[in-house]
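This report concerns only the one structure given below.
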Amino acid sequence: MSKIYGIDLGTTNSCISVLKDGKPYTIPVDGNGIVPSVVSLDGSNLLVGRKAWNRAAAFPEQSIRSVKRLMGTTEKLKLGNKDYDPEDISAMILRYLCDEALRIEGHEVEKVVITVPAYFSDAQRRATMEAGKRAGLTVERIINEPTAAALFYDHVLASDGEPESKNSAEALPKEASQYALVYDLGGGTFDVSVLHMGEIIEVLASTGDTHLGGDDFDKRIVRHLLHEIKEKEKVDLEDYVPALARLNAVAERAKISLSEKASVRVEETRIPTPKGKSCTVSMEFSREEFEAMTEDFVDRTVASVEKAMEEAKLSPDKIGKVLLVGGMTRMPAIAARLEQIFGGARMPVVDPDLSVSNGASIQGGIISGENCEQILVDVTPHTLSLESLTYDYEQLECSPIIPRNTQIPVTRARTFATVSHHQRIAELKVYQGESRFPADNTLIGETYLELAPAEAHCPILVEYSYDLTGIVHLVAEQKGYSRKTEIRIDSRNPQLFSSQGLQEIEDGADDEDEEAEEQAIAINFVTQRARNLISKMQDGEKKNALAEALARYEKALVDDDSLVDEIEDELLALIEEEALEEE
Ligand code: AMP
């Protein structure tokens, strides 16, 4: 079997690694293997990586950075006079990594494992797979970045013994050696995961923030620089993109220096202004000032750490190791803050930039049957639920089918019931998120199950499967009537799932045509609306009239089609009248 390469497709930087003699090796693309996730157009020449990054500061309009933030959206990106999908831009970065790997190593890259933040939604995971496809690659697996980092750490431990630690860990209870926390702060995303590191690596909990990263820290420095320029040079560059690009690059350099030094002087003389002249800024920043101006970001990461610990049902003294991943964890304040929480845990010094792609290459080795001992267990990043009516028909709620942090691959089913007698359609709305209320979660897809005539409370079995690439499949079945429907994901659309249509199995009946389906949906809407109102109305004449009309309507649906329209009009009028009064 050909080698499976590991790729960390990062917001700021990307890396490609492969197992060589059973050891992960990062291919030194762009010199040190840390390849800026930037593309830039120079005339008709497409630049990717370090060269694109160099050009991006001077020509931001012809360059694209941080495309990872847009993965899973339908936003178009302009490069030259062409529009691209985020997947196309990511594909250019992947292609560049693989072409360079071929040039350096002499082997074609065909199969890959790509990592994503643990908090990535299904849309974002699908988009990442699609980017791989568009780059002409076979994506064997999408895995979570923290999980990859832990795989790498485990490998270092197995081959070189316990790596040096950033702190002097205290003796912890014996069981703590089994638990690790991965803190991953990169250029654009933050992830934290709690792992059980036994014979297998198990992710107990993972959470994070897809909109927090090193770029935000840079912007805080930029804010100070803009203020200084406004004061001293009397020019407002807040909305002037070429100047902002230059200042961002300056700010990032200052931030990186502050990880080594107690203070840094920013001197920049070539800042472009809208009038064509350039201006200058000169400022001193101390590490202390920088830490104070970004403390709220660190606080946000700590809140996520606490959330992950709560989900894993562990106290800090149960964590034996804290693994730091992502370039931003070189900022000393981060390790210091984590040490306050996990004083006793070790913080092994493992390269925070390369551990994810190295871990992905280990996963590649596991898949291709190379000599790797670890087995990986991953979890669902979000709860997947189905929208249903509460018992009192008062409101809609999300009924979880696969709870967040369930080990994957997983298949779980739950039985629901129809609401009304001879209900024609069951609406199936799939939500992702932790709230009980659909409005607070993300609707990721919907379909309908056409039902055979049956009494109310007829059981509908709804089964969700979540596979190792993070993709969801739904199957719904009316028990005892062989009515079944399935849906699958369409990652290009925010409504991720596209219906495969309603199928009638076994008895081989034809699918309803569109008109009949629409009519059935309308009937379902009317009956549910009526029931909902009845459950809220006070006893009295109006309630009785509505209940009586609903009963006649349901009877007509079964016994006498010719009466349906007339009773439906009557029912709708009563519903409307009651709804108006409610308002
Ligand atoms: P990653 O996405 O893991 O490649 O991390 C990139 C982020 O780490 C960027 O925001 C970099 O500016 C930041 N970074 C890299 N090296 C350092 C450093 N020594 N100190 C602070 N931040 C750094």
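Brief remarks on what is shown
- Considering region 250-274, the residues that are in contact (Cβ under 8 Å) with a residue 24 or more places away in the chain and of a type in the set (Lys, Arg) include one that is farthest from the ligand (Cβ to nearest atom), namely 270.
- Taking the conditions (1) within 16 Å of the ligand (Cβ to nearest atom); (2) not in a strand (DSSP E or B) in turn, residue 237 satisfies each one other than (1).
- Any strands (runs of 3 or more DSSP E) falling wholly within region 56-159 and containing at least 3 residues that are in the same structural domain as residue 365 (by TED's automatic domain parsing) and surrounded by fewer than 23 Cβ atoms within 10 Å (Cβ to Cβ): 77-79, 82-84, 138-144
- Every residue from region 179-209 that is β-branched (Val, Ile, Thr) and more than 13 Å from the ligand (Cβ to nearest atom): 192, 194, 200, 201, 203, 207
- Take the conditions (1) more than 16 Å from the ligand (Cβ to nearest atom); (2) under 16 Å from residue 212 (Cβ atoms); (3) crowded, with 20+ Cβ neighbours inside 10 Å; residue 303 misses just one of them, which is (3).
- All positions within region 198-222 that are farther than 30 Å from residue 175 by Cα, of a type in the set (A, V, I, L, M, F, W, C) and part of a loop (DSSP other than H, G, I, E, B): 212
- Complete set of residues in region 5-26 that are touching a residue at least 40 places away in the same chain (Cβ under 8 Å), part of a loop (DSSP other than H, G, I, E, B) and away from the ligand (no atom under 16 Å from the Cβ): 22
- Odd one out for residue 333, checked against (1) among the small types (Gly, Ala, Ser); (2) outside the structural domain of residue 19 (by TED's automatic domain parsing); (3) modelled with pLDDT under 95: (3)
- Checked against the criterion of being farther than 26 Å from residue 273 by Cβ and more than 14 Å from the ligand (Cβ to nearest atom), the candidates 2, 63, 37 yield just one match: 2.
- Test: residue in region 192-210 that is closer than 27 Å to residue 54 by Cβ and surrounded by fewer than 19 Cβ atoms within 10 Å (Cβ to Cβ): no
- Whether a residue is at pLDDT 95 or above and part of a helix (DSSP H, G or I) was assessed, and residue 226 passes this test.
- Unmet criterion (only one of (1) part of a loop (DSSP other than H, G, I, E, B); (2) under 16 Å from residue 195 (Cβ atoms); (3) more than 16 Å from the ligand (Cβ to nearest atom)) for residue 322: (1)
The values are calculated or read from the model by the stated rules, or taken from the named source; none is laboratory data. On a predicted model such as this, the values are computed, not experimentally measured, just so you know. Backbone-built Cβ (ideal geometry, glycine too); neighbour counts: all protein chains shown.
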